[in-house]
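**Q** Got a structure here, written out as structure tokens. Questions coming.
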Amino acid sequence: MNDHLLPVYNRAAPHFVSGAGSWLTSDDGERWLDCVGGIATNALGHCHHALVAALREQAGTLWHISNMFRIDGQTLLADKLADACFADKVFFTNSGTEAIECALKMARRFHWNRGDLERETVIGFAGSFHGRSYAAINASGNADYLKGFGSVLPGYSQVSLDDRVAAAAAIADPRTAAVIVEPVQGEGGARALSGEELGFLRRACSESGALLIYDEVQSGMGRTGRLFAHQWFEGVEPDIMTIAKALGSGFPVGACLASDRAASGMMPGTHGSTFGGNPLAMAVANAAFDEITRPETLAHAQHISDRLRAGLADLAQAFPDIIAELRGKGLLIGVRLIPSNRDFMALARERRLLVAAGGENIVRLLPALTMTEDDAGEALARFGAACAAARARMAEAA
Ligand SMILES: Cc1ncc(COP(=O)(O)O)c(C=O)c1O
């Protein structure tokens, strides 16, 4: 099986052939409750009627024309995004990593354009994840992802979120061009930064002249119950922000958003993409934006998050030998486990519940923002059953 595919993934056993709402169906006819959601991507569940309709209509009208020409869907979506946050300018990409690439180039180019040629360093944080391009793996500094790919790139360094003194010194360095941070670290362990932490980074950047980049690829587009996770807090807007995943809710599309000031170094010829923001992607992303930004959708996401978190808190009380801590924000839920998260995921899969792994031995629940009350109850029941199975396994091993 899969002999011709580059073996960079350890693929799990179920073979999915269709999906609807929060459920996937495998080739043997089994139904699986999906709390992975394409890793925080399928914000509206599988095959949402509005997205299917938008894609079908666009597929019969116009697929691709290149960014040499005006694409109405881009203008429309950029206006909506700019109305909804700090941003004045938007560049559309095909993925989160490419949005990161644009953000990092834009930040360096901002300083270069002002004649500040010294400012090149990008400060990232331990435990971060920004994608798999050379720039992205150097920005996050994760040794596992850098290993074997040659010299690390100059102009990147990392600090710990817990070391305020080191972070302040790094940001104040006159060679620092930008700071890149996930308002809720996803892959690294569902760590939600506080308003105080984001406020510190915002102030430190403003004082030093460095640009602040938020990577909201995973936390953005409604995942936390607000359109963007940083919008839970006042006065912490970034200069640049990356989004993807739920932006197309399953259709590959990302974006780099920026203030006019931060974008001031980007002029014709400085960046580009063949596919980024093509008419198909824009049709789906516009439809997804309209659905996600409905007040009922965001209120429902918050309600389901409260429901799941309350249920998981009860399970944590009942299974203190299995669950160590609940983390994250909104529907980016992290459960830090005592037994191995990989073993627990297998136990959950035996109960036809899909959860995602994360750093620091967590499993993440990243369900659709539209998950029904009944499905949330079912997810909790299956999670509890997996906890009981993990306990039984630990007793057997003792
Ligand atoms: C916070 C964050 N940034 C960037 C990326 C990279 O996005 P993509 O896989 O679409 O390139 C991810 C993907 O998981 C992510 O979680």
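Bear in mind that the values in this text are calculations on the coordinates, not laboratory data. From a predicted model like this one, the values you see are computed outputs, not experimental measurements. Positions of Cβ are generated from backbone atoms using ideal geometry, with glycine treated the same way; all protein chains shown enter the neighbour counts.
**Q** Round to the nearest 0.05 the FRET efficiency obtained for THR372 and ALA398 when R0 = 45 Å and r is the Cβ-Cβ distance.
**A** Rounded to the nearest 0.05, the efficiency is 0.70.
**Q** List the cysteines of the chain that have no other Cys Cβ closer than 4.7 Å: which are they?
**A** Cysteines lacking a close Cβ partner in the chain: CYS35, CYS47, CYS85, CYS205, CYS387.
**Q** Please give me the summed charge of the neighbours of PHE383: other residues whose Cβ is under 11 Å from its Cβ, Lys and Arg +1, Asp and Glu -1.
**A** Here the charged neighbours net out to 0.
**Q** Still on this structure, please answer the following. Compute the distance from the alpha-carbon center of the stretch 10-42 to that of the stretch 302-374, in whole Å.
**A** What the calculation gives is 17 Å, centre to centre.
**Q** How would you order 260-269, 305-314, 237-246 from highest to lowest mean count of nearby Cβ atoms within 10 Å?
**A** The packing order, highest mean first, is 237-246, 305-314, 260-269.
**Q** Among CYS35, CYS205, CYS256, which comes first, then next, by fewest other beta-carbon atoms within 10 Å?
**A** Neighbour counts put them in this order, fewest first: CYS205, CYS35, CYS256.
**Q** Take every Cα-Cα distance within the stretch 50-292, group them into 5 Å bins from 0 onward, and report for each bin the whole-number percent of pairs it holds.
**A** Calculated over all Cα pairs of the stretch 50-292, the distribution is 1, 7, 14, 19, 20, 16, 11, 7, 3, 1, 0, 0 percent.
**Q** Where does each of TYR156, TYR145 land when they are ranked from fewest to most other beta-carbon atoms within 10 angstrom?
**A** So the residues, fewest neighbours to most, are TYR145, TYR156.
**Q** Got the relative contact order for the chain handy, in percent, Cα pairs under 8 Å and 6 or more residues apart?
**A** It comes to 23 percent, rounded to a whole number.
**Q** Nearest 20 debye, what's the magnitude of the dipole of the stretch 50-292 about its Cα centre given +1 on Lys and Arg Cβ and -1 on Asp and Glu Cβ?
**A** Roughly 420 debye, rounded to the nearest 20.
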